[in-house]
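Inspection log for the structure reproduced underneath, given as structure tokens.
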Amino acid sequence: MPIAIFANGHGLFRLCLLACCLLVFLLQPGRALTARAAESDPAAPRSIPVGEITVTVLQDRAHEMDISLFSGPATPEERQKYMPGGKAPASVNTFLIRAGGKNILVDTGFGTIIPGAPQLEKHLSALSLSPADIDIVLLTHLHPDHAGGLLKHKKRAFPKAKIMVSEPELEYWTSLAEKDSANDNAALVKTVVAEYGPDVLPPFALGAAVLPGVTSVNASGHTPGHSAFLVESDGKSLLIVGDLVHAAALQFPLPDECARYDMDVPAAVKARKAVLAMAAEKDIPVAGMHIFYPGMGRVKAEGKGFVFTPMP
């Protein structure tokens with residue numbers, strides 16, 4: 001009996017010791033948070049350093065693209081090859097740039113303008129941030145899945161943020177709002193401008209340096225003033241490509257294929273090929289608003305298209 005008791009006690013001691021070691025491991029800085037976040041939320045914020053700048057992907061909501069949205073020179077069979085079942089995984093992503101003590105949010109997702117729970121505010125909270133901590137909202141363009149989150153139930157969602165968008169983009173939608181009161185997208189832009197007032201900064205020119213370490217890249221075609229953004233610091237780079245890619249599975253290998261959202265198809269194809277070719281040639285990682293989560297990876301030229309390797 002004493003031997004049996006000793007053996008059981010020894011086993012209990014070893015079990016407790018193992019548990020303590022595991023607890024110490026998990027409580028290393030960032031370890032427990034990362035483990036819990038990954039287990040409870042597969043779309044938890046993911047960050048990468050770009051020199052002294054940190055870029056974090058924040059998913060507004062999960063998404064997928066339907067094959068019926070796309071057209072171009074590819075045959076239906078070719079599209080089906082890359083979109084088996086007629087669907088391609090996608091996302092509605094935003095990106096937080098932390099640079100020079102500023103919190104810069106690139107795009108805002110849908111927000112509350114369509115049914116479904118947006119996740120952006122939850123993901124900001126996971127970083128100990130709130131909408132009031134955003135200093136600047138930098139917009140690739142003014143479609144509702146990018147600018148809709150500027151409003152929360154039709155009111156200003158980011159109380160201290162200044163809004164930055166390209167000159168041709170703002171000009172197009174504000175002019176359209178005056179001409180066509182039935183256009184929902186133009187009405188959204190009109191409401192945003194009214195809510196943010198003087199905090200809609202003078203628009204920037206495509207190709208201009210817009211912030212320290214951030215340069216606009218002309219990607220017009222998807223919309224008249226669609227902009228990509230090149231983030232650079234200490235010799236490192238990241239290219240935020242906006243809506244150059246809607247369905248990564250299809251449009252990297254077949255860049256001539258366009259989603260119906262592209263307003264000027266020839267220009268959109270030209271921009272997609274040019275920007276992705278630059279990223280491939282210079283080995284610059286890319287980040288996209290609709291690339292399946294986490295929305296970042298590397299591009300390599302192959303044949304008449306490209307191969308995308310997602311961030312692990």
Test: residue in the range 118-126 that is modelled with pLDDT of 95 or more, acidic (Asp, Glu) and open to solvent by 30 Å² or more (accessible area, probe 1.4 Å): no
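Yes/no matrix, rows are residues, columns are (1) free of Cβ contacts under 8 Å to residues at least 24 places away in the same chain; (2) among the polar types (S, T, N, Q); (3) open to solvent by 50 Å² or more (accessible area, probe 1.4 Å):
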residue: LYS190; (1), (2), (3): yes, no, yes
residue: SER233; (1), (2), (3): no, yes, no
residue: VAL265; (1), (2), (3): no, no, yes
residue: ALA268; (1), (2), (3): no, no, no
residue: GLY288; (1), (2), (3): no, no, no
residue: VAL299; (1), (2), (3): no, no, no
residue: GLU302; (1), (2), (3): no, no, yes
Test: GLY100 is at pLDDT below 95 and closer than 16 Å to LEU211 by Cβ: yes
Filtered residues of the range 287-312 (kept if over 16 Å from ALA259 (Cβ atoms), touching a helix residue (DSSP H, G or I) at 6+ places or on another chain (Cβ under 6 Å) and among the hydrophobic types (A, V, I, L, M, F, W, C)): VAL299, ALA301, PHE306, PHE308
Of all residues making up the range 154-188, the number that are touching a strand residue (DSSP E or B) at 6+ places or on another chain (Cβ under 7 Å) and open to solvent by 80 Å² or more (accessible area, probe 1.4 Å): 2
Pairs with Cβ under 9 Å, 6+ apart, first in the range 42-58 and closer than 17 Å to ASP234 by Cα and in a loop (DSSP other than H, G, I, E, B), second among the hydrophobic types (A, V, I, L, M, F, W, C) and at pLDDT 95 or above: GLY51/VAL231; GLU52/ALA99
Scope the range 107-141; condition in a loop (DSSP other than H, G, I, E, B), under 22 Å from VAL214 (Cβ atoms) and of a type outside the set (A, V, I, L, M); matching residues: ASP107, THR108, GLY109, ASP135, THR140, HIS141
Residues of the range 100-117 satisfying the condition of being open to solvent by 20 Å² or more (accessible area, probe 1.4 Å), in contact with an Asp or Glu (Cβ under 8 Å, 6 or more places away or on another chain) and closer than 23 Å to ALA62 by Cβ: PHE110
Single condition PHE292 does not satisfy, out of (1) open to solvent by less than 10 Å² (accessible area, probe 1.4 Å); (2) under 23 Å from ARG61 (Cβ atoms); (3) not in a strand (DSSP E or B): (1)
Members of the range 67-99 that are part of a loop (DSSP other than H, G, I, E, B), surrounded by 13 or more Cβ atoms within 10 Å (Cβ to Cβ) and out of contact with any helix residue (DSSP H, G or I) (no Cβ under 7 Å at 6 or more places or on another chain): GLY72, ALA74
Any hit, the range 192-214, residues being surrounded by 24 or more Cβ atoms within 10 Å (Cβ to Cβ), of a type in the set (Asp, Glu) and at pLDDT 95 or above: no
Enumeration of residues in the range 129-153 that are open to solvent by less than 20 Å² (accessible area, probe 1.4 Å) and among the polar types (S, T, N, Q): THR140
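The values are calculated or read from the model by the stated rules, or taken from the named source; none is laboratory data. Note that the structure is a prediction, hence the values are computed from the model and not measured. Neighbour counts run over all protein chains shown; Cβ positions are idealised from the backbone, glycine included. The accessibility values were calculated without ligands, DNA or RNA, using every heavy atom of the protein model including side chains. Shrake-Rupley method; radii C 1.70, N 1.55, O 1.52, S 1.80 Å.
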